[in-house]
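Working notes, structure below.
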Amino acid sequence: MSEPDVPKFDAPRHVAIIMDGNGRWAAARGLPRGEGHRRGVEALRRTVRAAGELGVQVLTIFSFSAENWSRPAAEIRELMGLLRRFIRHDLAELHGNNVRIRIIGEREGLDPDIGRLIAEAEELTRANDGVTLVVAFNYGARQEIARAARRIATEVAEGRLAAADVSVEKLAGFLDTTDLPDPDLIVRTSGEQRLSNFLLWQSAYSELVFVPTYWPDFDRAALESAISEYHRRERRFGGLVARTGS
């Protein structure tokens, strides 16, 4: 029995991507890891364009995790340099394409110039109403939930919130993603099949698609393929079946 036709361009509202495999892409070609990261930035540019063209409203990317600080110092310098260049060189084009930029993650302790670049990118694009590009930078989901819990504890201790009023919805309002929809689809490249401390709260009912492609090779066709797989799923949300394409 053949599979039903799946609409290619009926995009989910929010797609999140764990961009994995830069180093392995480079190693497979006898290139330094830094070249893999540079090619990964090119893949990011392609993917942001494709997401906008396909109708994705929110695209979240896992660019640098809170655990990545344990990597070699030279690689961290390379990654920070790539972030600086991406914002300085690509910000005008993203703004011109009506992309809104949001950064989630811990900002305390970052180099001052990176903090300024992040603030500039968010402020310049704040009024844009095209695709929202959410960059998870210095981000960890457990750390995010812990920050939210501390803020709630402060509210309770200072009498602005009753402990009995702390609900799922209330806690979600203290997360970095408070005004964003939860991801419908999470894609991880490179063949690894885990979330690695990414959007743990928000992914409670997300569809997960793991693809063997290393991130530097990811393109529009790969994104369309992941969306097609998403449309084959049945989303229940703990209740009755809800077809993703309905």
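The values are calculated or read from the model by the stated rules, or taken from the named source; none is laboratory data. Bear in mind the structure is a predicted one, so any value in this text is a computation, not a measurement. Here the Cβ is made from the backbone with ideal geometry for all residues, glycine too, and neighbour counts use every protein chain on show.
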Exercise. Name, by its number, the condition in (1) in a helix (DSSP H, G or I); (2) modelled with pLDDT of 95 or more that does not hold for residue 87.
Key: (2)
Exercise. Report yes if some residue within the stretch 4-13 is outside any helix (DSSP H, G or I), among the small types (Gly, Ala, Ser), farther than 21 Å from residue 200 by Cα and at pLDDT 95 or above; otherwise report no.
Key: no
Exercise. Have a look at 43, 50, 26 and point out the one that is buried (at least 19 other Cβ atoms within 10 Å of the Cβ), assigned to a helix (DSSP H, G or I) and touching a Leu at 6+ places or on another chain (Cβ under 8 Å).
Key: 50
Exercise. Within the stretch 128-170, track down each residue that is over 26 Å from residue 81 (Cα atoms), in contact with a strand residue (DSSP E or B) (Cβ under 8 Å, 6 or more places away or on another chain) and touching a residue at least 40 places away in the same chain (Cβ under 8 Å).
Key: 130
Quiz item: Looking only at the stretch 96-134, which residues are of a type in the set (Gly, Ala, Ser), in a loop (DSSP other than H, G, I, E, B) and either modelled with pLDDT of 95 or more or within 19 Å of residue 177 (Cα to Cα) (or both)?
Solution: 105, 127, 130
Quiz prompt | Failed item, numbered, when residue 137 is tested on (1) modelled with pLDDT under 95; (2) more than 29 Å from residue 232 (Cα to Cα); (3) surrounded by fewer than 13 Cβ atoms within 10 Å (Cβ to Cβ) | solution = (3)
Practice problem: Could you list, in sequence order, all residues of the stretch 75-96 that are more than 19 Å from residue 20 (Cα to Cα) and either of a type in the set (D, E, K, R) or loosely packed, with under 15 Cβ neighbours inside 10 Å (or both)? | Solution: 84, 85, 88, 89, 90, 92, 93, 96
Quiz item: Which one of 214, 230, 205 is in contact with a strand residue (DSSP E or B) (Cβ under 9 Å, 6 or more places away or on another chain), of a type outside the set (Gly, Ala, Ser) and closer than 23 Å to residue 49 by Cα?
Solution: 230
Quiz item: Within the stretch 178-185, is even one residue crowded, with 20+ Cβ neighbours inside 10 Å and within 20 Å of residue 43 (Cα to Cα)?
Solution: yes
Exercise. State all residues of the stretch 193-218 that are of a type outside the set (Lys, Arg) and exposed (fewer than 14 other Cβ atoms within 10 Å of the Cβ); if no residue qualifies, say none.
Key: 193, 204, 205, 212
